[in-house]
Amino acid sequence: MAGFNAATTIERDRLVLVAFVAEALLAGGNAVAIRFSNRELAPLWGAGLRFLLASILLVAVMSVMKLALPRGRALTGALLFGLFQFGGAFGLYYFALVQVHAGLGQTLLALVPLATLLLAVLQGQERLRAVAALGTLVGLGGVGLISRDILQGSVSLPSLLAVLGSVLCFAEAAVLVRRFPPVHPVSMNAVGMVLGAAVLVSVSALVGEPHVLPQRSATWVALGYVAAFGSVGVFLLYVFVLQHWTASRAAYAMVVIPFVTVLLSAWLDNESVGAGLVLGGLLVLTGVYLGALRPARPSPTQS
């Protein structure tokens, strides 16, 4: 029986590792697919279509799982999550990726765990550790190196600021949701995506973006990818990994994904990988590890 349990544990661990790798690979393709979508669709309109399709899939999953919609303060939390996560963060990110290459954009998004920690400290949810402060400085040094490199090229300052604004929206969504009663992750994302899609399409209409359906097959493939695989697929794999690994271990996906994106973008979108992106990206990822992902050492009283 002991041998059977050990074999079962090994198989489960392998399955979780496969799910983690699959999550990183699928998420790594998101930014590249968004770049292809942006070439035909206006950015906010494209983002709205993505989350409209993804929310339909998640509502179907809710129906199969027989999950109820959140109510009261839990619903408020889910709506705020959707406003920041899908309306704010992805709206800015889609706008930025009109100019910013996918590898660069995903590398800067790796700052999300660190930004989440800093916002949690500012809002009284966590305490700032010395190593987190060091990680912040290292990460900011990486951002500065990348920024200097890309601003010498064709990328505008508004596009760079849009990526950093997206980072802050992602981080604030994670901090805000902790102030409200917990909601099943499927229900949380379904509600959030419905609101996010509504906000994105509404703002798109206000700024006068054309609302047209894709005519190119490549755009449909990109849109279908980010809706089904890049949204629902990545989310379900992440939840599965989170059920078996600690949150900090599962968060290492944020460090792996940029490498996948850079390789895919260089292959599919002819992104040039210069010294600024390589060195700055390594500094960003090192800062994120030190500040947000590195396990805290137990104090002498805890040992």
Original post:
Is it true that some residue in segment 74-86 is more than 23 Å from ALA115 (Cα to Cα) and not β-branched (Val, Ile, Thr)?
Top reply: yes
Original post:
Residues of segment 207-220 being assigned to a helix (DSSP H, G or I) and either in contact (Cβ under 8 Å) with a residue 24 or more places away in the chain or touching a strand residue (DSSP E or B) at 6+ places or on another chain (Cβ under 8 Å) (or both), which ones?
Top reply: ALA218, THR219
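Yes or no, residue by residue, for (1) modelled with pLDDT of 75 or more; (2) among the small types (Gly, Ala, Ser):
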{"residue": "GLY233", "(1), (2)": "yes, yes"}
{"residue": "PHE240", "(1), (2)": "yes, no"}
{"residue": "ALA247", "(1), (2)": "no, yes"}
{"residue": "ALA250", "(1), (2)": "no, yes"}
{"residue": "ILE257", "(1), (2)": "yes, no"}
{"residue": "SER272", "(1), (2)": "no, yes"}
{"residue": "LEU277", "(1), (2)": "no, no"}
{"residue": "VAL288", "(1), (2)": "no, no"}
{"residue": "ARG294", "(1), (2)": "no, no"}
Original post:
Hey, among GLY46, GLY77, GLY72, which residue is among the small types (Gly, Ala, Ser) and over 19 Å from the mean Cα position of the chain (by Cα)?
Top reply: GLY72
Original post:
Does any residue in segment 51-75 that is over 14 Å from VAL194 (Cα atoms) come within less than 9 Å, Cβ to Cβ, of a residue that is of a type in the set (Phe, Trp, Tyr) six or more places away or on a different chain, and which pairs are these?
Top reply: ARG73/PHE180; ALA74/PHE180
**OP:** Return the total of residues in segment 140-174 being at pLDDT 75 or above and either in contact with a helix residue (DSSP H, G or I) (Cβ under 8 Å, 6 or more places away or on another chain) or farther than 30 Å from LEU79 by Cα (or both).
**Re:** 19
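The values are calculated or read from the model by the stated rules, or taken from the named source; none is laboratory data. Worth saying up front: this structure is predicted, and the values here are computed from it rather than measured. A quick note on method: Cβ atoms are made from the backbone with ideal geometry, for glycine too, and the neighbour counts reach across all protein chains shown.
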